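> I'd like to ask some things about the structure below.
The values are calculated or read from the model by the stated rules, or taken from the named source; none is laboratory data. The structure presented is a predicted model; accordingly, all values stated were derived computationally and were not measured. Counting neighbours? That spans all protein chains shown, and the Cβs are built from the backbone with ideal geometry, glycine included. Heavy atoms of the whole protein, side chains included, go into the accessibility calculation; ligands, DNA and RNA do not. Shrake-Rupley method; radii C 1.70, N 1.55, O 1.52, S 1.80 Å.
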Amino acid sequence: MKKIPCLLIAFILCVFLSPARAEQERYALPSATAATLMLGGPVIDELALKDTDISKAIEIIAQKSGLNIIAGKDVRGNITVFLKHVDAREALRTVLESGGFASVEEGGIIRVMAGDEFKSRYGYAFGQDLVSKLVKLHVMPLRDAFKILDEMKSAKGKLVANEEAGTIFIMDDRAKVKEMERLLVEVDVPVSTVVIALRHVMVEALVPEVRDLLTRGIGAVDADAKANTLTVTDTLARLEKVRRAVAAADARGRVMVLEAKLVRILLDDEHRGGVDWAGIVEDYQRVRLPAGYDFLAEGNSGRALGLGMIASDEFATLIEALDTVGIVQEYPLSSVTVSGDDQASAILRLDDPLLAIAAEPVLDTGKEALPRALAGTSMEFKVRPSFDVTGDVVTAITLARSHLAGKVVMAPERFHTLSSREGYTAVIGGILISEQISAAHKIPLLGDLPLLGFAFRMDGAVRHEEFAIFLTVRSVSLSQAFSDEGADLPGGEP
């Protein structure tokens with residue numbers, strides 16, 4: 001009998017509390033899957049409202065989407081909507097239009113107002129295939145921003161400026177409003193001015209390119225031909241882009257001197273395999289030679305060249321070190337002036353050691369070959385020095401072709417690039433030559449005997465030598481280039 005009162009109490013609680021619980025579930029904050037954040041804004045998976053107060057409908061949209069919405073006391077009335085998988089802002093617009101209301105978004109907050117109030121304030125009816133945005137400026141002068149946006153807006157767009165509040169009301173199609181917002185985010189930042197000095201290019205040549213890089217309505221550039229400088233005003237982010245672009249253009253216009261030196265090493269018997277360049281140079285590269293280069297001797301690393309870098313001020317120390325592997329002979333330094341990724345040719349004559357370097361087209365050395373086994377033999381290297389935007393030297397070296405007694409031996413067109421700071425020298429080593437300099441002698445018959453034959457013959461002398469090419473690139477300042485040409489600097493300065 002005691003169970004009956006308990007069951008009766010439970011039944012009463014269920015009857016009276018169920019509607020309240022249902023109403024609570026109806027307006028409770030949805031689960032994480034109820035609204036999904038997609039490109040363009042939050043999306044509501046489902047919105048089913050029947051004869052619901054519009055203020056309550058706005059509250060549900062805010063809960064499901066996370067949007068910040070404020071509605072005044074005069075926003076009243078009932079609506080019925082059934083929507084699925086719809087953009088939260090579109091859902092709000094549909095709800096407001098059905099009740100004759102409007103909204104405007106300002107600083108991440110959507111304010112709901114009467115439709116008549118919206119039209120009187122902004123000059124057009126809410127919902128005309130247009131979107132609106134009220135933006136507040138923080139740094140950029142309002143008049144400058146208004147001028148930029150006025151050039152950007154479409155024919156149906158409208159702008160309203162409030163100088164006292166520092167805001168601009170934007171009304172246009174959705175794509176245009178987003179474009180304006182992105183621009184304002186970029187330009188409503190502090191503006192600065194920098195002076196960029198150029199060393200290798202005349203400033204007048206760069207002014208049109210720089211002007212195209214500037215932010216519309218904000219950036220400005222002024223050229224000083226006398227000082228060869230550019231004064232640029234823009235946002236900090238855009239100034240950095242301009243600075244890098246100008247540095248790259250200035251680097252391309254550098255005048256460079258390519259200096260070449262030939263070193264010949266008469267190798268001793270202990271080092272007849274050649275110099276171990278891998279243990280001497282930086283950024284060592286081993287370049288295997290293709291078929292046809294059998295006129296070169298095979299060294300420690302086979303028939304291959306060794307490429308690398310040394311500091312230019314270490315050249316004298318390197319020559320002293322090479323004395324330990326043989327007799328070192330240096331040949332006169334030759335040089336050629338190149339600019340802006342120009343290519344030069346370095347031709348090494350092996351019959352009568354000579355290194356000739358010249359800008360294209362290749363010039364003949366003009367020397368007769370001596371009567372040696374390697375008569376008419378030469379190797380040609382293509383050298384393309386340049387500077388990157390950081391000022392580092394980039395030297396691209398290609399073994400282009402060789403001549404062997406009138407026969408041309410081609411090499412694959414492959415660049416081997418060496419990067420270094422200015423003040424470094426590129427090294428091409430491993431050019432090994434073995435040459436018989438005296439004939440072998442033996443006593444007939446006895447000299448051919450196995451084992452004992454060595455006592456009755458004398459092998460001929462073979463000379464082993466190695467050639468190394470040293471290429472140094474140094475930049476020439478604009479003033480030095482004019483001085484070398486006997487011309488005046490821009491602006492009349494001597």
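> Checking the condition out of contact with any helix residue (DSSP H, G or I) (no Cβ under 6 Å at 6 or more places or on another chain), modelled with pLDDT under 85, farther than 28 Å from R244 by Cα and open to solvent by 40 Å² or more (accessible area, probe 1.4 Å), which residue from D150, D129, D144 passes?
After ruling out the rest, the residue left standing is D129.
> Surrounded by 17 or more Cβ atoms within 10 Å (Cβ to Cβ), polar (S, T, N, Q), at pLDDT below 75 and out of contact with any helix residue (DSSP H, G or I) (no Cβ under 8 Å at 6 or more places or on another chain), is that true of S438?
no
> Tell me which of these R93 doesn't satisfy, since it passes every other one: (1) touching a helix residue (DSSP H, G or I) at 6+ places or on another chain (Cβ under 9 Å); (2) open to solvent by 20 Å² or more (accessible area, probe 1.4 Å).
With (1) touching a helix residue (DSSP H, G or I) at 6+ places or on another chain (Cβ under 9 Å); (2) open to solvent by 20 Å² or more (accessible area, probe 1.4 Å) applied to R93, the lone miss is (1).
> Please pick out the residue among T33, T80 that is modelled with pLDDT under 85, out of contact with any helix residue (DSSP H, G or I) (no Cβ under 6 Å at 6 or more places or on another chain) and among the β-branched types (V, I, T).
T33
> For residues that are buried (at least 19 other Cβ atoms within 10 Å of the Cβ) and of a type in the set (D, E, K, R), scanning just the range 154-178, find the one that is nearest to M113 (Cα to Cα).
D172
This table checks each residue for (1) out of contact with any Gly (no Cβ under 8 Å at 6 or more places or on another chain); (2) in a strand (DSSP E or B).
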{"site": "E259", "(1), (2)": "yes, yes"}
{"site": "D283", "(1), (2)": "no, yes"}
{"site": "R286", "(1), (2)": "no, yes"}
{"site": "L296", "(1), (2)": "yes, no"}
{"site": "T317", "(1), (2)": "yes, no"}
{"site": "A321", "(1), (2)": "yes, no"}
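> M113 is checked against (1) within 30 Å of S65 (Cα to Cα); (2) open to solvent by 20 Å² or more (accessible area, probe 1.4 Å) and fails just one. What number does that condition carry?
With (1) within 30 Å of S65 (Cα to Cα); (2) open to solvent by 20 Å² or more (accessible area, probe 1.4 Å) applied to M113, the lone miss is (2).
> Could you figure out which of (1) exposed (fewer than 15 other Cβ atoms within 10 Å of the Cβ); (2) at pLDDT 85 or above; (3) among the acidic types (D, E) isn't true of E298?
It is condition (2) that E298 fails.
> Being touching a Gly at 6+ places or on another chain (Cβ under 8 Å) and open to solvent by 30 Å² or more (accessible area, probe 1.4 Å) is the filter; apply it to the range 212-238 and report the residue that is nearest to L183 (Cα to Cα).
If we take residues in the range 212-238 being touching a Gly at 6+ places or on another chain (Cβ under 8 Å) and open to solvent by 30 Å² or more (accessible area, probe 1.4 Å), then R238 is nearest to L183 (Cα to Cα).
> Separate question: Among the residues that make up the range 192-203, is at least one of them open to solvent by less than 70 Å² (accessible area, probe 1.4 Å) and in a helix (DSSP H, G or I)?
Yes, the conditions are met somewhere in the range 192-203.
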